[in-house]
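Report on one structure; see the data block that follows.
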Amino acid sequence: MAHAIVEWTDNLEGDADIHGLLSLIAAEMRDADGVFPWGGIRIRGIKLTDYVIADGKGDDAFVNITVKMGAGRPAEFKARFFAQLFEKVKAHFAELYDRRYLALSLYVEEADEAGSFKHNNIHKRFRKDS
Amino acid sequence: MAHAIVEWTDNLEGDADIHGLLSLIAAEMRDADGVFPWGGIRIRGIKLTDYVIADGKGDDAFVNITVKMGAGRPAEFKARFFAQLFEKVKAHFAELYDRRYLALSLYVEEADEAGSFKHNNIHKRFRKDS
Amino acid sequence: MAHAIVEWTDNLEGDADIHGLLSLIAAEMRDADGVFPWGGIRIRGIKLTDYVIADGKGDDAFVNITVKMGAGRPAEFKARFFAQLFEKVKAHFAELYDRRYLALSLYVEEADEAGSFKHNNIHKRFRKDS
């Protein structure tokens, strides 16, 4: 299980590549040496159309990424992987960040095993190929 | 308080009964011997229109259910109730699961009493009837 | 960092001032003696179009506010600030609450520092002014 929810303000429309960001996050997870089984990677974007940022008086924008994954991955892996992922997120928006007011954020949440239920045949697509 | 958020990918549109799933979850909660007061049951669906699943190359779909409820219900109740609920979710999608790549998931989160604030007159509809 | 997500059922459309609620939450945060740096305040509304409330048979409505912020603010501050904020939320909907079935709720969640990553130049708008 590895979920990511990417919320983004619609004043970025046409000015930022949001689907490219979803693809980037999925690719980073796929490349993490099997820590995130491919069939469990689910990245989605949520376009926000109503918001108030700071004093509500600027053309401020934000992109907020929430990762939800099962607990149990080693702390060192998490520190390294998500710091690296966030550097890639910053690089993805670097040009925009230089010319607009923009807040980027990433939060990692872990789901308790006891409260997690899964049923997923997407994994089969990858077992078949191997 | 019992909230459920059902995220679903829009490639399921016309192929799955999502509103029926919301109704099913609400009904299971209503039938739980008063553990979930009726007036606090709030189930919503969020249609996802932008996503990357696994390697992004299949016609993969997912339905992700997040339950948020107040802390304090007994662990045995929770284990039994949510395992049973998830079996009903699987049954709801069984025909679809046999012919498409689909990930179903359910996560249970509990809200801390100290950070919870409520004001709800829907409860009155049910007190009135009794 | 101070995020708030305001989910609201679309049967409130035209009957409640949701954007005014977003502005109210942002204003309360700005007025909290610097506890919430202005540049980190990000309040958004999510209109719900598919839902089942209680027995699904009333014209019930709900507004659910989730605040996500960094951990570490004093417990007394949080208890006082969010109780006061919720009183303002209730006042904002008082007239509506008197004539419709409505559930208001507010939940406060804290993000672990270890899993939080930020890059935000909106803060500069306010440093510049000072």
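Which value, in Å³ per residue, describes the convex hull spanned by the Cα atoms of the protein assembly as shown?
In the protein assembly as shown, the Cα convex hull volume per residue is 151 Å³.
Kindly express, to the nearest 10 degrees and within the range 0 to 90, the angle between helix A:75-92's C-alpha long axis and the longest C-alpha principal axis of chain A.
So the helix axis and the longest Cα principal axis differ by about 40 degrees.
Average partner chain C-beta neighbours within 10 Å, per residue of A:32-42?
Taking all residues of A:32-42 together, the mean is 3.
Place a label point 7 angstrom from the Cα of B:Ala114 along the Cα-to-Cβ direction, then list the residues of region B:59-95 whose backbone nitrogen is under 16 Å away.
Within reach of a label on B:Ala114, which here means backbone N under 16 Å from a point 7 Å along Cα→Cβ, region B:59-95 contributes B:71-72.
In degrees, nearest 10, range 0 to 90: what is the angle between the Cα axis of helix C:18-30 and the longest Cα principal axis of chain C?
30 degrees
Determine, from the Cβ-Cβ distance of B:Arg127 and A:Lys90 and an R0 of 56 Å, the FRET efficiency 1/(1 + (r/R0)^6), rounded to the nearest 0.05.
Approximately 0.60, to the nearest 0.05.
Taking each residue in B:11-17, count the Cβ atoms of any other chain within 10 Å of its Cβ, then average. What number comes out?
Per-residue shielding by partner chains comes out at 0.
What pairs from B:Lys78/C:Lys88; A:Lys57/C:Lys88; B:Lys88/C:Lys90; B:Lys90/B:Lys118; C:Lys47/C:Lys124 go past 27 Å between their alpha carbons?
B:Lys78/C:Lys88; B:Lys88/C:Lys90; B:Lys90/B:Lys118; C:Lys47/C:Lys124
Just for chain A, what percent of DSSP beta bridges are antiparallel, to the closest 5?
Antiparallel: roughly 30 percent of the beta bridges in chain A.
With the calculation restricted to Cα positions, what are the radius of gyration and Dmax of region A:16-92 in angstrom?
Radius of gyration, then largest Cα-Cα span, for region A:16-92: 14.7, 45 Å.
Mind checking the alpha-carbon convex hull of chain B and giving the volume per residue in Å³?
Dividing the Cα hull volume of chain B by its residue count gives 138 Å³.
Quick one: Debye curve from the alpha-carbon atoms of region C:89-130 only, equal weights, vacuum; give me log10 I(q)/I(0) at q = 0.14, 0.16, 0.17, 0.33 Å⁻¹ to two decimals.
Per q value, in the given order, log10 I(q)/I(0) is -0.70, -0.74, -0.74, -1.10.
Using alpha-carbon pairs under 8 Å, 6+ residues apart, how would you state the relative contact order of chain C in percent?
It comes to 35 percent, rounded to a whole number.
Read the figures in this text as sums done on the coordinates, not as results from a lab. Bear in mind that the values here come from a model prediction, so they are computed numbers and not experimental data. So basically every Cβ, Gly included, is an ideal-geometry build from the backbone, and we count neighbours across all protein chains shown.
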